[in-house]
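One structure is given below, encoded as structure tokens.
The values are calculated or read from the model by the stated rules, or taken from the named source; none is laboratory data. Since this is a predicted model, take the numbers as computed values, not measurements. Backbone-built Cβ (ideal geometry, glycine too); neighbour counts: all protein chains shown. Quick note on the areas: whole protein, heavy atoms, side chains included, nothing else; ligands and nucleic acids left out. Shrake-Rupley method; radii C 1.70, N 1.55, O 1.52, S 1.80 Å.
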Amino acid sequence: MVQSVLGSLTLGYRPLWNAQRRLAAVQLYVQELPGAMVDAPHLLRTLQELWSAQSPPLLLAPQSPQLLLQLLQKAPAASPWIEVRGHWLGNATILACVRAAHQRGLRMVWRGELAQLPPGDIAACFDNSLLSLSAQDAVHILQSITPAPGSGFGAKAQPSPLLDGQMYDNLPSMALAAHCLEQHRAVAVAGWPVDDLLFTLRHQQPQPAYATVLRLMKAIDAEQSLDAFEHIIAQDPILAYRFMVFTNSAALGLRTGVDSVRRGLVMLGYGTLQRWLGELLPHASQDPNLQPLRQSMVLRARLTAHLIEAGIEHELQREVYLTGLFWQLGDLLGEPVANALRRLPLSERISEAIVQGTGPYAGALQMACALENDDAQVLRALCESQEMPPEDVNRALLRVLSDANT
């Protein structure tokens, strides 16, 4: 039996967001295990088998020069984008392979600092760039957006050093992200400035997305299935939380605690649900900047559920999903997550994993969170401590990412 290439790799991911605050692509970190030789064509065939026309585009980010060389030498022109770190181009072999790969039509993305762009002849080999900003660049750009106080009426803003139509990396503020996407037509922003976003919203009561509430109301009008209702609610962590708080409220007087979205839907009449949604709709959020955070939480929830051993019953799968979905709930609500969870009669397994990092779901949750980064050492240690084979973890990740737009 031929061993899968996924058993010799450590993978991680980061979403890339477009101007509509939707998933534009996924950056897939790829690191070979110590001592392993990765078959690059086998890896590319595996990705092709798992991906569909509806899957998000991939930006492969090899984490070593050796793996990059394999991809540059062997990847066909129709492969996903290949990321090339700018400082690796100092290696003459890599530079020669980049030129050769460009000649045969391989799509590549140069990654590096805005202030250290490659010469024109090398830049011409790349379809796009993933640019990071220095602190000084960030200040200059923010000053170009808003002139400094006291600069006088009619003062000219400093020209922005940003390049149009590129991708930008690890932007520290929402103002910069919006400026890149809207004023400079950035293809995507890698990651999302969640800390700054949550800081700007700290005095507002979090609300579910207007589009999701409306979609659920239309689904009820169309008499769709309970499965469809549950799926819609599970796409919005605040809606799922608010729904469970509502179904457990004293006003409804239900005899038993509602510990899942599914059970709440079963016990709640459609008329009551529709009226509650009607009251919720006028206050629902239409802020597009929250969409990347919501979708990131949903991706984490799906991944947590996929990482648990296959074959568990549906009720437990729903518990695991809620564990991943509610992990960042405290940040959204602006309070300790333990306080938020105490309002719901959830399984102890959920709170143990989220609050204490213990219990049967803790390993899957920790792995799902670790996969959002490029720290292969942490991932390898988790695979060992949680007895999760790298191949199983990587296959779960790729399955979730391939369905990320559904």
*asked:* With the requirement that a residue be touching a Leu at 6+ places or on another chain (Cβ under 9 Å), more than 17 Å from Pro237 (Cα to Cα) and in a helix (DSSP H, G or I), what does the stretch 356-365 give you?
replied: Gly363, Ala364
*Of (1) closer than 12 Å to Trp327 by Cβ; (2) exposed (fewer than 14 other Cβ atoms within 10 Å of the Cβ); (3) not small (Gly, Ala, Ser), Ile350 satisfies all except one. Which?*
(2)
*Kindly provide the set of residues from the stretch 94-129 that are loosely packed, with under 12 Cβ neighbours inside 10 Å and not hydrophobic (A, V, I, L, M, F, W, C), ordered by number.*
Gln103, Arg104, Gly105, Gln116, Pro119, Gly120, Asp121
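Any idea which residue in the stretch 73-93 is most open to solvent (accessible area, probe 1.4 Å), counting only those that are closer than 12 Å to Phe126 by Cα and touching a Leu at 6+ places or on another chain (Cβ under 6 Å)?
This residue is Trp81.
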*Asp137 is checked against (1) of a type in the set (D, E, K, R); (2) within 22 Å of Gln31 (Cβ to Cβ); (3) in contact with a helix residue (DSSP H, G or I) (Cβ under 7 Å, 6 or more places away or on another chain) and fails just one. What number does that condition carry?*
(2)
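Conditions (1) more than 16 Å from Ala234 (Cα to Cα); (2) among the aromatic types (Phe, Trp, Tyr), marked per residue:
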site	(1), (2)
Trp276	yes, yes
Glu279	yes, no
Thr304	no, no
Phe326	no, yes
Val337	yes, no
Arg343	yes, no
Ser347	yes, no
Cys369	yes, no
*Being aliphatic (A, V, I, L, M), farther than 30 Å from Trp192 by Cα and not in a helix (DSSP H, G or I) is the filter; apply it to the stretch 1-29 and report the residue that is most open to solvent (accessible area, probe 1.4 Å).*
Met1
*Selection within the stretch 179-202 - open to solvent by 70 Å² or more (accessible area, probe 1.4 Å) and either β-branched (Val, Ile, Thr) or at positive phi (or both)*: Arg185, Thr200
*Can you spot a residue in the stretch 369-388 that is surrounded by fewer than 16 Cβ atoms within 10 Å (Cβ to Cβ), outside any helix (DSSP H, G or I) and polar (S, T, N, Q)?*
yes
_Please verify whether Met167 is at pLDDT 95 or above and under 18 Å from the mean Cα position of the chain (by Cα), treating the condition exactly as stated._
yes
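For every residue, the table says whether it meets (1) closer than 21 Å to Leu401 by Cα; (2) in contact with a Cys (Cβ under 9 Å, 6 or more places away or on another chain); (3) open to solvent by 30 Å² or more (accessible area, probe 1.4 Å).
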site	(1), (2), (3)
Pro237	yes, no, no
Ala240	no, no, no
Arg262	no, no, yes
Leu293	yes, no, no
Arg300	yes, yes, no
Thr304	yes, yes, no
Gln317	yes, no, yes
Tyr321	yes, no, yes
Trp327	yes, yes, yes
*Hey, does the stretch 203-211 have a residue that's open to solvent by less than 30 Å² (accessible area, probe 1.4 Å), more than 17 Å from Gln20 (Cβ to Cβ) and at pLDDT 95 or above?*
yes
